[in-house]
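Notes for the one structure printed next.
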């Protein structure tokens with residue numbers, strides 16, 4: 001069981017937050033500054049990729065590719081694809097959904 005839970009990326013052994021934010025780090029997103037989105041989320045919510053905020057409201061993760069290269073850079077918040085993000089407004093997207 002442990003082998004399966006640790007093999008697949010979307011399985012986790014730690015509790016996840018009420019909201020999940022996944023930032024694509026694939027080539028198209030990376031070239032269009034996806035790292036700035038991750039930095040903005042870290043600054044705004046104090047949470048690094050693979051972690052959950054202390055209040056349990058938001059979990060942040062990165063993915064190798066989400067397959068939405070034409071919409072790069074992309075983040076997925078609670079299953080909703082949010083295209084053409086920038087580090088400037090990445091922190092406002094979770095707030096739109098009641099996070100923070």
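For this structure, a couple of remarks:
- Leading residue by the ranking (surrounded by the most Cβ atoms within 10 Å (Cβ to Cβ)) among those in segment 39-52 that are free of Cβ contacts under 8 Å to residues at least 40 places away in the same chain and touching a strand residue (DSSP E or B) at 6+ places or on another chain (Cβ under 9 Å): 52
- Close pairs from segment 1-30: first modelled with pLDDT under 90, partner in a loop (DSSP other than H, G, I, E, B) and exposed (fewer than 11 other Cβ atoms within 10 Å of the Cβ), Cβ under 6 Å, at least 6 apart: 5/11
- Selection count where residues are out of contact with any strand residue (DSSP E or B) (no Cβ under 8 Å at 6 or more places or on another chain) and surrounded by fewer than 11 Cβ atoms within 10 Å (Cβ to Cβ), scope segment 7-30: 5
- Within segment 54-74, the set of residues being over 15 Å from residue 24 (Cα atoms) and in contact (Cβ under 8 Å) with a residue 40 or more places away in the chain comprises 56, 57, 58.
The values are calculated or read from the model by the stated rules, or taken from the named source; none is laboratory data. Please read all numbers here as calculations on a predicted model, not as lab measurements. FYI the Cβ positions are ideal-geometry reconstructions off the backbone, even for glycines, and counts take in every protein chain you see.
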